[in-house]
Amino acid sequence: MQNVKKINQVTYSKIFFYFLICFAVSVSIIFFSLSFGGKFINPFDFFASENSVFMSLRLPRVLADFMVGAGLSIVGCSFQTFFRNPLADPFILGIAGAAAVGVAFSLFLGVSGFIPTQILSLSFALVTIFFVYWAAGGLSSVTANSLILVGVGLNFFFTSIITFFNSVLSESFTKDLLMWYLGSTVFLDLNIVLISLLIVIALSAVLYMQSGKLNVYLLGESFAVNSGVSIKQFSLIIYITGSLITSVSVALCGAIGFVGIIIPHIVKIIAGLDHRLNMILCFFAGGSFLVIIDTFFKTAFFPYEVPIGAVTAIIGTPFFIYILRRRI
C-alpha cells in the first residue's frame, strides 16, 4: 500500500511539467553536442559549405545515439516491471542474439553493404520475436516467465552459433562481428536514422500508454486482474512493442548494452516507481546519456573511434555488480 500512496502523489500536471523540462534539456544537449567531434563547429556555421561533415556524419550520429539510448532505456524500464526482474534488459529475450546471427550470416555469405546487412539482421530479429511468443505458449497461455525462459534459452542457442562461426572462419570475420557486438553509430545514413527515430518514438508512445497498467501490475497480477487489466492483451503489447524497439535499435547500431539496465534503475532511485513519470524520464535520460558519452569519447580520443558499446559496458558493469550486491 505504501507504493500506491507514492504513485498517487504524482499528478498529471507534474508529469507534463517534467516532460517539458526533459524535452528542453534533451534538445539542448543534442544541439550543443553537434558542435563537438574531431573539429569544433560553431552552431551558426552548421550548414556552411565547408562543414559538409555536419549533415553526412555528425547529425546522423547524434540522432542515432539519442534514438538507441532512449529506446533501450524505456524498454528496460517496462521489461523490469513486466518480468518482475531488476536485471531484465531489452536483450533478455534473445533479440540481440538473433540480430547478431543475421550479421554473421551476412558476413558468411559475403553480403556487401551496410543496408543489406542491416535488413538481414532486422529480419532475424523480427522472426525471433514471433518465434519466442509462439514457443512461450502463444496467445492462449503465454506468461512473463515462459517468455523469459524461452528468451534465455535462445540466447544460449544464438551464442553457440556465433561461437561456431568464430571457430571455423577467418580472424577478419571474428573482428567484424566483435565490432558489431560492441555497437557503433558511425557512418549512418541520415534518412535511415530519421525513419528509425520516428519508428522508435511512435513505438515508445505506444509503450508509454501502458504506463498506468504497469503501475497496477507492479502491485501484483491478481490485483491487476481485479482492477480490470486484461493480462493477455497487456502482455502482448509490452512484449511486441518492446521487442520491436529493440530490433530497430540493434539492427541499426549493434548491441549497445547496459544502458537498458542502468538508466531505469537510476531513474527509479531518483523519481520513484510511477511509470507515468519514470518512463518519460528513462526515455529522455537514456537518449541524453548516450549522446553525452559518445560526444565526449569521440572528441577526447579523436582520431580514434571508441565503440560506444564498450564505453557503456565499462560504465555499466560496476553498476550492474552494485545492483547484484544490493539485490535491488
Projected-area mean, the range 43-104, by convex hull of Cα positions, square nanometres | 6.3 nm²
Against the 2.2 N^0.38 Å rule of thumb, the C-alpha Rg of the range 194-266 sits at a ratio of 1.26
Counting only protein heavy atoms, what percent of the accessible surface of the range 1-142 is carbon or sulfur at a 1.4 Å probe?
-> 72 percent
Karplus-derived 3J(HN,Hα) from phi for the range 154-159 (6.51 cos²θ - 1.76 cosθ + 1.60, θ = phi - 60°), whole Hz, x at Gly and Pro, runs 5, 4, 4, 4, 5, 4
Measure out, as a whole number of angstrom, how far apart the alpha-carbon centroids of the range 250-328 and the range 96-134 sit.
-> 24 Å
For the range 282-297, Karplus-derived ³J(HN,Hα) couplings (6.51, -1.76, 1.60; θ = phi - 60°; whole Hz; x for glycine and proline) come out as 4, 4, 6, 5, x, x, 5, 4, 5, 4, 5, 6, 5, 4, 4, 6
Rounded to the nearest 20 Debye, what is the dipole magnitude of the range 82-227 about its Cα centre when Lys and Arg each give +1 and Asp and Glu each give -1 at the C-beta?
-> 220 debye
Checked against the positive end of the charge dipole of the chain (+1 on Cβ of Lys and Arg, -1 on Cβ of Asp and Glu, about the Cα centre), the farthest of 13, 145, 125 is 13
Within the range 49-86, which residues have the backbone N less than 17 Å from the label spot 7 Å out from residue 319 along Cα→beta-carbon, could you tell me?
-> 65-81, 86
Listed residues 184, 146, 172, most fluctuating in the chain (Gaussian network, C-alpha, under 10 Å) | 172
Give me D for the range 150-280 in µm² s⁻¹, whole number, from Stokes-Einstein with Rh from the Kirkwood sum over alpha-carbon pairs, 10 °C and 1.306 mPa s.
-> 91 µm²/s
Of all the stretches in the chain, which is the longest one without any exposed loop site, taking chymotrypsin sites (Phe, Trp or Tyr not before Pro) in a DSSP loop (any state but H, G, I, E, B) with at most 14 other Cβ atoms within 10 Å?
-> 48-186
Taking only C-alpha positions in the range 136-178, Rg and Dmax in angstrom work out to 15.4, 46
Mind giving me the nanometre distance, one decimal, between the label points for residue 52 and residue 145, set 7 Å out from Cα along Cα→Cβ?
-> 6.1 nm
Evaluate the Kirkwood expression for the hydrodynamic radius of the range 92-208, namely the inverse of the mean inverse distance over all pairs of different C-alpha atoms, and round to one decimal in Å.
-> 15.7 Å
Charge dipole (debye, nearest 20) of the chain; +1 at Cβ of Lys and Arg, -1 at Cβ of Asp and Glu = 1040 debye
Let me have the 222 nm mean residue ellipticity of the chain computed from DSSP H runs of 4+ only, each contributing -39500 (n - 2.57), with the sum over all residues rounded to the nearest 500.
-> -25000 deg cm²/dmol
Accessible-area order (highest first, 1.4 angstrom probe) of the listed residues 117, 299 | 299, 117
With T = 20 °C, eta = 1.002 mPa s and Kirkwood Rh from C-alpha pairs, the Stokes-Einstein D of the range 254-328 in µm²/s is about 161 µm²/s
Compactness relative to 2.2 N^0.38 Å, alpha carbon Rg of the chain = 1.00
In the chain, lysine pairs closer than 25 Å at Cα, eight or more apart or cross-chain | 12
Ranked by GNM mean-square fluctuation in the chain (Cα springs under 10 Å), the top entry among 274, 45, 89 is 45
If you look at just the Cα atoms of the range 160-233, how large are its Rg and its Dmax in Å?
-> 21.0, 57
Mean shadow area of the range 9-149 over all directions, Cα convex hull, nm² = 13.3 nm²
Tell me, in nm to one decimal, what length is gained between residue 11 and residue 159 on full extension, where the rule is 0.36 nm per residue of separation less the Cα-Cα distance?
-> 48.8 nm
Any chance you could run the full-extension gain for residue 171 through residue 28? It's 0.36 nm times the residue separation minus the Cα-Cα distance, nm to one decimal.
-> 47.2 nm
Accessible surface of residue 143 - all protein chains present, 1.4 Å probe, nearest 10 Å² = 70 Å²
Histogram of C-alpha separations across the range 205-315, 5 Å bin width, % = 2, 10, 16, 20, 18, 14, 8, 6, 3, 2, 1, 0
If contacts are Cα pairs under 8 angstrom and at least 6 residues apart, what is the relative contact order of the range 26-164 in percent?
-> 20 percent
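The values are calculated or read from the model by the stated rules, or taken from the named source; none is laboratory data. Here the structure is a predicted model, which is why all the values come from computation and not from measurement. With ideal geometry, Cβ positions are generated from the backbone for all residues, glycine too; neighbour counts draw on all protein chains shown. In case anyone asks, the SASA skips ligands and DNA or RNA and just uses the protein heavy atoms, side chains included. Shrake-Rupley method; radii C 1.70, N 1.55, O 1.52, S 1.80 Å.
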